[in-house]
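Any read-out appearing in this document is the output of simple, stated calculations on the displayed coordinates, not a laboratory observation. Being a predicted model, the structure only gives us computed values, none of them experimental.
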């Protein structure tokens, strides 16, 4: 397997996180009752699938690195999925689901920002184009998950005053 640079490793990580996000949004959608929230999750899943496709296209352009990037992405996806399964065990509700997505989306934003920083020296124009496309989407995904979490939390029963 080809050795990956830090930049290529980070590309693999955002690819793996995009793959994991598809499963996470599907799992959380199974917990929600609100039609608007379900629609937001569907849109997030579609955008994660498009992110995956674009990352693979970029990996394909990196001579001799695609297989190593895909393998590393698979590992990241597995780790993220394992974390989701631990967090969203039996008895989880929609608030739990959106709390998990808030954490996951914040992590994705951070990974994309790190990739952007790494690319400042590498100056890969194709990667920069991908970052400029994906980062605003990831920030929106984070804000959507955060907003849904807060809306659901506001609906929870308030504790009684002691």
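Of 105, 125, 113, which is the most mobile in a GNM of the chain whose springs link Cα atoms less than 10 angstrom apart?
Of 105, 125, 113, the Gaussian network model singles out 125 as fluctuating most.
Which of the following values of Rg and Dmax of the Cα atoms in Å was calculated from the structure shown: (1) 64.4, 199; (2) 21.1, 75; (3) 17.0, 66?
(3)
Quick check: the distance between the Cα centres of region 18-36 and region 82-107, to the nearest angstrom?
Taking the Cα centre of each part, region 18-36 and region 82-107 sit 10 Å apart.
Using only Cα atoms, find the angle between the long axis of helix 6-29 and the longest principal axis of the chain, and express it within 0 to 90 degrees, rounded to the nearest 10.
30 degrees
Stretch residue 53-residue 151 to full length: gain in nm at 0.36 nm per residue minus the Cα-Cα span? Can you show the working numbers first?
On the way: separation 98, 0.36 × 98 = 35.28 nm, distance 3.19 nm.
In short, 32.1 nm is gained.
If you build a Gaussian network model of the chain, linking Cα atoms that sit under 10 Å apart, which residue out of 25, 67, 144 swings the most?
67
Can you show me the helix-derived [θ] at 222 nm for the chain, built from DSSP H runs with n ≥ 4 at -39,500 (n - 2.57) apiece and divided by the number of residues, rounded to the nearest 500. Could the numbers behind the result be given before it?
Details: 5 runs with 133 residues, N = 162.
Per the formula, -29500 deg cm²/dmol.
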